[in-house]
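Structure first, then comments.
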Amino acid sequence: MVRYSEELIEEIKNSNDIVDVISQYVTLKRSGRNFFGLCPFHKEKSPSFSVSPDKQIFHCFGCGVGGNVIHFISKIENIDFRETIELLANRANITLPTLDNSYQDNKKAILKSKVYEINEIAAKFYHANLYKPTSKEAQNYIKKRKLDNRTLKSFLIGYSGTFDELYRVLKSKGYTEEEILASSLVNKSDNGRFIDRFRRRLMIPIQDTTGRFIAFGGRVLDDSKPKYINSPENIVYSKGRNLFGLNIAKKGDTKKLIIVEGYMDAISLYQRGITNVVASLGTALTEQQGRLLRKNSEQVIIGYDADGAGQAATLRGLEILQNMGCDIRVLQIYGAKDPDEFIIKYGPERFQKCVDNAISLVEFKVKILKQNLNIENVNDKIKFLNEVAKILSKVDNNIEKEIYIDKISKEYGISKEAIYGEVNKLIYNKTSDKKVLERSPVKAYINNKQEEKIDATVIKREKMVIYILVNYPEESYRAIKDKITVEDIHSEVNKKIISKIYEQYSKGNVNNIIDFFEEEEVVNYLSGIMADDFGISDINKCIEDLLNTYNKEKLTNTRNSIIKKLENTNNMTAEEIKQLEEKLNETILKLAKVK
């Protein structure tokens, strides 16, 4: 278990404003005291994801997820607590101390660090190998691709030798067979021999955003198949969570980022002065890669190949990026099958013009639609315009929608009123049929049958107790703790939270109560209470009213219990009945005084 001091964790949280951090992943807009955006953890079209700068928490009122900045980073990056702390500490330029032996004994963590070392050694070994007299074949290929030394050094491009050269180097440096095999750079044959995975290939190292070497791509130097061999996913590498070249692109201006399909596309563009380019590690853009693009740029330009597979990948990528609120464009190139061929054929200036003239998502969808229909045919034209109306009905910005409708009206000789009519019809049908389907119900932690029987008013009152204790600890704790006990709470999850609050407040820990809960469901539930608006204008009056309500409930319960006992007097003495009657009268008098 990783152990950092509470003081250090608090410093790291305080140094990472939650609005600034989440803004790198989600487009946020201020509404009142809070910020809202589209939830990155479930699909929605109406923003229900709230971020509170005052409380430094987030909560989605659609899917129920919530927490603080540590919870957010851990969930969105899909990393553990240690890696989350390291990421946030690095972001805030905070140096972390060396961890204690309990962590050093963690075998998986040690193995990961060894694999990172092995990958770096391999990258440098391959790169040095490229310049040896025995690597003429690779050197000729480099000349053919017109790659200069600056590019080779920037990407640390190399050349893999034959049979087990890398394996012998790693063994000589003291790495174990387990560590070497974990890197996926070496395979073990059925007869127990070790052989390098990459042999006689141009080697392209893949680095993460921090510069760590995580994988490799190996390209053949002739026309043999397969053209590329890539590292499989392993202990340090997940292709869907990384982008090739992002570590290099970040050194320059990344307000605009061009994403291409292959390593050589990115390298070729970089060679010719287009440095704001990255490559997806496979044609299908993932949500995690989308978040990396959203985090590191203001505008994303998709430059996938012009063939059918490239266009299909472009559409998938556009949908992912659009759902994240990215400003997305599509690169349009003609006379070449991919960006690499285009820039070699026509040069960087013409390529840059294509970048500047990249079209929007709507324009690209209309273009694809038009390719498959004969607009001169009446039926095809009607079908085309109906499909265009479907595309436009999904455009939320009214100004943007009007511009597209005006353009299509002029281009195809259809009145704007007719197009608006079809678009509005689709919007009306969509909203009336779906109602609130976009928002999945809040994931309530109160879900067992026993708690479902608890009155909603009681649950709301208990939530208010929690809200007041968390947000007004100085005013509420001493006033409430002895008069509203854990036993007075009906909901089990509310009991758990209030019990923990009392426990921590008694120790003087009155801040960041959400940190004391590890269960994700409880964190989500508590963040929902913290993010709620109970409309409290006078905290002292609110506390007084709550205490009166609980006092009255206790007295009522006592009265009802006494009456029940009096109804069954067969087994009671006259003296016992008299005592109960006196207690009942006393209770009723107290009830009469309660406001």
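Do we have Tyr334 as surrounded by fewer than 15 Cβ atoms within 10 Å (Cβ to Cβ), within 30 Å of Leu293 (Cα to Cα) and among the aromatic types (Phe, Trp, Tyr) here? Spell out the reasoning first.
On the way: surrounded by fewer than 15 Cβ atoms within 10 Å (Cβ to Cβ): yes; within 30 Å of Leu293 (Cα to Cα): yes; among the aromatic types (Phe, Trp, Tyr): yes.
It is true that Tyr334 is surrounded by fewer than 15 Cβ atoms within 10 Å (Cβ to Cβ), within 30 Å of Leu293 (Cα to Cα) and among the aromatic types (Phe, Trp, Tyr).
Just name the residue that is farthest from Phe516 (Cα to Cα) out of those in the stretch 1-47 that are β-branched (Val, Ile, Thr) and crowded, with 19+ Cβ neighbours inside 10 Å.
Filtering the stretch 1-47 for residues that are β-branched (Val, Ile, Thr) and crowded, with 19+ Cβ neighbours inside 10 Å, the one farthest from Phe516 (Cα to Cα) comes out as Val26.
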Q) Only one of (1) part of a loop (DSSP other than H, G, I, E, B); (2) at pLDDT 90 or above; (3) β-branched (Val, Ile, Thr); (4) under 20 Å from Pro339 (Cβ atoms) fails for Val236. Which number is that? A) (4)
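When you go through Ile577, Ile484, Ile563 one by one, which is the residue that is of a type outside the set (Asp, Glu), at pLDDT 75 or above and more than 31 Å from the chain's Cα centre (by Cα)?
On the way: Ile577 fails: at pLDDT 75 or above; Ile563 fails: at pLDDT 75 or above.
After ruling out the rest, the residue left standing is Ile484.
Scan the stretch 155-172 and give yes if some residue there is within 35 Å of the chain's Cα centre (by Cα) and either aliphatic (A, V, I, L, M) or at pLDDT below 95 (or both), otherwise no.
Of the stretch 155-172, the ones within 35 Å of the chain's Cα centre (by Cα) are 155-158.
Still in the running and either aliphatic (A, V, I, L, M) or at pLDDT below 95 (or both): 156-157.
Yes, because at least one residue in the stretch 155-172 is within 35 Å of the chain's Cα centre (by Cα) and either aliphatic (A, V, I, L, M) or at pLDDT below 95 (or both).
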Q: Tell me which of these Lys353 doesn't satisfy, since it passes every other one: (1) under 14 Å from Gly303 (Cβ atoms); (2) loosely packed, with under 12 Cβ neighbours inside 10 Å; (3) under 30 Å from the mean Cα position of the chain (by Cα).
A: (3)
Q: Would you mind finding the one in Ile498, Ile513, Ile536 that is at pLDDT 85 or above and either touching a His at 6+ places or on another chain (Cβ under 9 Å) or closer than 24 Å to Ser476 by Cα (or both)?
A: Ile498
Q. Can you tell which of Ala313, Ala279 is crowded, with 24+ Cβ neighbours inside 10 Å, more than 18 Å from the chain's Cα centre (by Cα) and within 21 Å of Asn230 (Cβ to Cβ)?
A. Ala279
Q. Would you say Ser506 is buried (at least 19 other Cβ atoms within 10 Å of the Cβ), among the polar types (S, T, N, Q) and either over 30 Å from Phe36 (Cβ atoms) or in contact (Cβ under 8 Å) with a residue 12 or more places away in the chain (or both)?
A. no
Q) Name the residues in the stretch 76-100 that are within 18 Å of Val236 (Cα to Cα), in contact with an Asp or Glu (Cβ under 9 Å, 6 or more places away or on another chain) and not β-branched (Val, Ile, Thr), would you? A) Glu77, Glu83, Leu87
Q: Report, ordered by the first and then the second residue, all pairs with beta carbons closer than 9 Å, sequence separation of six or more or different chains, a first member in the stretch 516-534 that is touching a residue at least 60 places away in the same chain (Cβ under 8 Å), and a second member that is assigned to a helix (DSSP H, G or I) and aromatic (Phe, Trp, Tyr).
A: Ile529/Tyr467; Met530/Tyr467; Asp532/Tyr467; Phe534/Tyr467
Q: Working only within the stretch 233-261, note down all residues that are surrounded by fewer than 22 Cβ atoms within 10 Å (Cβ to Cβ) and farther than 23 Å from Arg316 by Cα.
A: Asn234, Ile235, Asn247, Ile248, Lys250, Lys251, Gly252, Asp253
**Q.** Flag for Gly273 being modelled with pLDDT of 90 or more and either closer than 24 Å to Lys144 by Cα or out of contact with any Ser or Thr (no Cβ under 6 Å at 6 or more places or on another chain) (or both)
**A.** yes
Q) For the stretch 259-267, does any single residue satisfy the condition of being under 28 Å from the mean Cα position of the chain (by Cα), part of a strand (DSSP E or B) and not assigned by TED's automatic domain parsing to the domain that holds Leu166? A) yes
**Q.** Qualifying positions in the stretch 388-397 - surrounded by 14 or more Cβ atoms within 10 Å (Cβ to Cβ) and not in a helix (DSSP H, G or I)
**A.** Lys394, Val395
(Q) Where the second residue is outside any strand (DSSP E or B) and surrounded by 20 or more Cβ atoms within 10 Å (Cβ to Cβ) and the first is not assigned by TED's automatic domain parsing to the domain that holds Ile258 and lies in the stretch 315-329, which pairs have Cβ atoms under 7 Å and are six or more apart or on separate chains? (A) none
(Q) Among the numbered criteria (1) in contact (Cβ under 8 Å) with a residue 60 or more places away in the chain; (2) assigned to a loop (DSSP other than H, G, I, E, B), which one does Lys251 miss? (A) (1)
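The values are calculated or read from the model by the stated rules, or taken from the named source; none is laboratory data. These numbers come from a predicted model, not from an experiment. All Cβ positions, glycine included, derive from the backbone under ideal geometry; neighbour counts span all protein chains shown.
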